[in-house]
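Right, one structure below, let's go through it.
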Amino acid sequence: MASAKKARSGQQKAAKAQVLAEGSVVSTEKGGSLWMKLPDGTSAGLTSQSQVTLAKLEDKALTLDVGGGSVAMVVPHREDRVLTVRAGDIEVKDLGPRFLVSRE
């Protein structure tokens, strides 16, 4: 379930409880925010003026690409899954339980 304020999925405004598919691009406007619940129980929060692509959304492999801005991650401990957040040439692997990745 997503809780959105001034957020977009592709060209349309993001709706509460909207289901997003692999490859979806989610962004927030100035002053906006968005929290997403991912399939493995991980939560991803976009800050103002951020963009994230849901590159891989599988039960045992999740990859988010940060196009700009910041994404806060709240990650449950799971040894059977790989979580990756990419920001340009930098790859962050499941640091858990909480971390922030930013890209300017």
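Within region 66-80, restricting attention to residues that are open to solvent by 40 Å² or more (accessible area, probe 1.4 Å) and in contact (Cβ under 8 Å) with a residue 12 or more places away in the chain, the residue that is farthest from GLY31 (Cα to Cα) is ASP80. Against the condition within 17 Å of GLY23 (Cα to Cα) and modelled with pLDDT of 90 or more, how does SER50 come out, does it pass? Against the criterion (within 17 Å of GLY23 (Cα to Cα) and modelled with pLDDT of 90 or more), SER50 qualifies. Flag set for ASP59, criterion: in contact with a Pro (Cβ under 8 Å, 6 or more places away or on another chain), modelled with pLDDT under 90 and of a type in the set (Asp, Glu). Within region 27-34, is there a residue that is in a strand (DSSP E or B), open to solvent by less than 30 Å² (accessible area, probe 1.4 Å) and β-branched (Val, Ile, Thr)? Scanning region 27-34, I find at least one residue that is in a strand (DSSP E or B), open to solvent by less than 30 Å² (accessible area, probe 1.4 Å) and β-branched (Val, Ile, Thr), so the answer is yes.
The values are calculated or read from the model by the stated rules, or taken from the named source; none is laboratory data. Since the structure is predicted, the reported quantities are computational estimates derived from the model, not experimental observations. Backbone-built Cβ (ideal geometry, glycine too); neighbour counts: all protein chains shown. SASA here: full protein model, heavy atoms, side chains in, ligands and nucleic acids out. Shrake-Rupley method; radii C 1.70, N 1.55, O 1.52, S 1.80 Å.
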